[in-house]
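Here is the structure we will look at.
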Amino acid sequence: MSTLLKFERVNAFYGAAHILHDMSLEIAAGERVALIGRNGVGKTTCVNTLLGVASLRGGSIAIGGSGLKKPRPYVAAGLGVAVVPQGRGIVANLSVEENLILGTAAGRKGHWTVPRIYELFPILRERAHTPGTALSGGQQQMLAIGRALMSNPALVILDEPTEGLAPVIVDQLATIFNQVADLGTALLLIEQNLSLVERVAHRYYAMAKGAVIGQGPVNAAVMHELKEHVVA
Amino acid sequence: MLSINIFNGLVYGALLVVMSSGLALIYGLRRVVNFAHGSLYMLGAYLGYTVASHTNFWVAQVAVPLLMGLLGLALDRFAFRPLQDRDPLTVILVTFGLLLVLEDLVQTVWGKSNLSVPAPDLLSASVDLFGMSVPAYRIAVIFFGLVVAGALTLWLRYSKMGLFVRAASTEPTITSMQGVNVDRLSGLVVAVGTALAGLAGIIAAPFLSLSPSMSSDVIIDSFVVVVTGGLGSLSGAFAAALLLGQVQAVGAVYLPEFATVLPYVLMMAVLLWRPAGFAGNRV
Ligand SMILES: Nc1ncnc2c1ncn2[C@@H]1O[C@H](COP(=O)(O)OP(=O)(O)OP(=O)(O)O)[C@@H](O)[C@H]1O
Ligand SMILES: [Mg+2]
C-alpha cells in the first residue's frame, strides 16, 4: 500500500508558541485512521500545519511520497487530501449547491459529482438554493463532507465532525463515513467520540501535548483503555 | 428642466458605477481601502488622451483598461500582497503614497493645463431624447455603465471563477483550502479593479475635462458609494452609485448651497438606517 500522507518529526508553531513536538504519523491508501486526544493537544494544529496555517519549522510533511517544501492552504486539495475543517467552514454567502461547487476548485475528476453528493445526502438537494449557513448543524456537516468529496480526494481529513451533533446524526454520519471508505477513500478521523472511532477506524494514533503517545489497531478493549486515559 | 437633471444624474451615476465597482472589488478581496483609485482613474484618462490622439477613442477604450490591468497586477504583487498581514493603516498610507506619486507623474508628463478628448465621431452629435436635446456621448456613458454592471454581475453570479471570488471575499482561508490560490485570484481581481478605474477615466475624458485635480471629486463620491452600498458589495455599490448620481444632479438645482455636503448626508442617512450599508460587506 502506498503512503498518502506522512508527518515525520513535525514541529509546528503559531508565532512563538511551539505546539507540535516531533509529531509523526502515516496513512496509506484506503486506510481508516483515527487521531484522538483531549482538547488542545494539537489535533487541529496537525491539519493547520499541513495547510500552512501553522508554521512548519522542523521535520517534514509529504503527500503521496513527495515532500511539501512550504505548505500552502491550496496545495493539499490538488494533491488529493481534502479537509473537513473543525467548525465546518460553510461559506455564508454561497448557496448549498455553490458550496459544493467550491469543492471542485482543485480540479480533480472522479466518482463524486453534485448529483452523487445529493444521492448521499438527499436533504442537500432539497435545500440546494438556500444559503449554506441556513442549514442545521448536522446538515452543515453533511455539506462540508460533500464539499470535501467534490474534490475526489484519496484521503479525507475530518476534524471533529460530530462535535455538538445529536446521537442520531452521529449514527447517520458513521454510516456515511463507512460508505465513503468502502469506495476506497482513506479517512483520517479526528475525534474525541471513541464509540464513533470504534465504528469507523481500523487504526488509531493517540496524542498528548503535541506528540503521539500511543498507536495501534482499534478494538473494544483498546478503546476502553483510551477512554480512561487519553480522552476523559 | 428636472428631467435633464435626472438624465445628467444617470450619466454621473453610470460613471460612478464603473469607478466604485473597481474600488468595491479590491476592498472585497484584499480588504484594501485604495486611496489611489481616483489617481488611477486620472491616469486612465490621461493615458486615454495620448492613445486616442495617436489612434482613436475606441482603441483607447480597449488599450487603457488593458494597460491599467497590468499596472494592477504589479500593484497587487508588489504592494497589496506583501502588505496583506500588516495593519490596515500601513496599507492605507501606501495607497496614499501611490496617490501622490501618480498625481506628480501626471503633472510631469502631461502638464498642469486642462486637456480634452473629443467624443468619437459616431457619438459627437446631439440627439433628441424625450424632447430634450442631449449629447449622444452621454447616452453612451449610461450604456457603458450598464455593460460594466451587467458583465460583472454575470461573471460573479454565473462563472466558477466568480463563485470563487465571492467565496474568497468572506472566507479566504476556507476558499483556499478547497484548492483556490486566493493570492493569485486576488491579484487578478485587483487587476480588474484597476482596469475599471482606467476605463472610468477614458469614459469620463470626453465629457469631464482632464486636469491634475480631476480625481478629487470622483474619488470622494466613489468612497461614499462603496461605503453606502456596503463595503465590498457590488450590487449595493450599483444602487448607491445611481442614487448618488441623482442626489448630486437634483441637489445641484434645488439645494445648490448644500451641494458639496449632500453625498455625506446621503451616506450618514443610509448608515444610520443600515449600519453595514445596503448590502453588508460581501461581493
Ligand atoms: N491560532 C492560534 N494561535 C496561537 N495558539 C493557538 C492557535 N490555535 C490554537 N492554539 C493553541 O494550540 C494548542 C493546540 O490547539 P489545537 O487547536 O490544535 O487543539 P485540538 O487538539 O484541535 O483541540 P480541540 O479538540 O479543542 O479542537 C492549544 O493550546 C491552543 O490554545
Ligand atoms: Mg481541534
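Taking the criterion of being within 14 Å of another protein chain (Cβ to nearest Cβ) and either in contact with a Leu (Cβ under 8 Å, 6 or more places away or on another chain) or in contact (Cβ under 8 Å) with a residue 24 or more places away in the chain (or both), would at least one residue in region B:267-276 satisfy it?
Within region B:267-276, one or more residues are within 14 Å of another protein chain (Cβ to nearest Cβ) and either in contact with a Leu (Cβ under 8 Å, 6 or more places away or on another chain) or in contact (Cβ under 8 Å) with a residue 24 or more places away in the chain (or both).
Each residue in region B:234-254 was checked for being closer than 27 Å to B:VAL165 by Cα, aliphatic (A, V, I, L, M) and open to solvent by less than 30 Å² (accessible area, probe 1.4 Å), and 5 of them qualify.
Where the second residue is near ligand 2 (Cβ under 8 Å from one of its atoms) and open to solvent by less than 10 Å² (accessible area, probe 1.4 Å) and the first is within 14 Å of chain B (Cβ to nearest Cβ) and lies in region A:33-47, which pairs have Cβ atoms under 8 Å and are six or more apart or on separate chains? Close Cβ pairs satisfying both conditions: A:THR44/A:ASP159; A:THR44/A:ILE190; A:VAL47/A:ASP159; A:VAL47/A:ILE190. Is it the case that some residue within region A:77-91 is within 14 Å of ligand 1 (Cβ to nearest atom), among the hydrophobic types (A, V, I, L, M, F, W, C) and not in a loop (DSSP other than H, G, I, E, B)? Within region A:77-91 (the criterion being within 14 Å of ligand 1 (Cβ to nearest atom), among the hydrophobic types (A, V, I, L, M, F, W, C) and not in a loop (DSSP other than H, G, I, E, B)), the answer is yes, since at least one residue qualifies. Take the residues in region B:168-179 that are under 16 Å from B:VAL190 (Cβ atoms) and open to solvent by less than 10 Å² (accessible area, probe 1.4 Å); name whichever of them is nearest to the other protein chains (Cβ to nearest Cβ). Taking the candidates together, the pick is B:SER169. Please count how many residues of region B:110-128 are aliphatic (A, V, I, L, M) and touching a Phe, Trp or Tyr at 6+ places or on another chain (Cβ under 7 Å). Number of matching residues: 4. Could you list, in sequence order, all residues of region A:48-66 that are within 20 Å of B:GLY179 (Cβ to Cβ), away from chain B (no Cβ under 14 Å) and at pLDDT 95 or above? Across region A:48-66, the qualifying residues are A:LEU56, A:ILE61, A:ALA62. Of all residues in region A:103-124, those satisfying the criterion of being buried (at least 20 other Cβ atoms within 10 Å of the Cβ) and closer than 14 Å to A:PRO153 by Cβ are A:GLY103, A:THR104, A:ALA105, A:ALA106, A:TRP112, A:ILE117.
The single residue among B:VAL165, B:VAL148, B:VAL190, B:VAL117 that is under 30 Å from A:LEU79 (Cβ atoms), more than 14 Å from chain A (Cβ to nearest Cβ) and open to solvent by less than 20 Å² (accessible area, probe 1.4 Å) turns out to be B:VAL190.
Select from region A:27-52 the residues that are of a type outside the set (Ser, Thr, Tyr) and either part of a helix (DSSP H, G or I) or near ligand 1 (Cβ under 8 Å from one of its atoms) (or both) and list them in ascending order. Correct list: A:GLY37, A:ARG38, A:ASN39, A:GLY40, A:VAL41, A:GLY42, A:LYS43, A:CYS46, A:VAL47, A:ASN48, A:LEU50. Between A:ARG32, A:ARG72, the distinction of being within 14 Å of A:ILE190 (Cα to Cα) and more than 13 Å from ligand 2 (Cβ to nearest atom) belongs to A:ARG32 only.
The values are calculated or read from the model by the stated rules, or taken from the named source; none is laboratory data. Everything numeric in this text was worked out from a predicted model, so none of it was measured. Virtual Cβ from ideal backbone geometry, glycine too; neighbours counted across all protein chains shown. Only protein heavy atoms, including side chains, enter the accessible area calculation; ligands, DNA and RNA are left aside. Shrake-Rupley method; radii C 1.70, N 1.55, O 1.52, S 1.80 Å.
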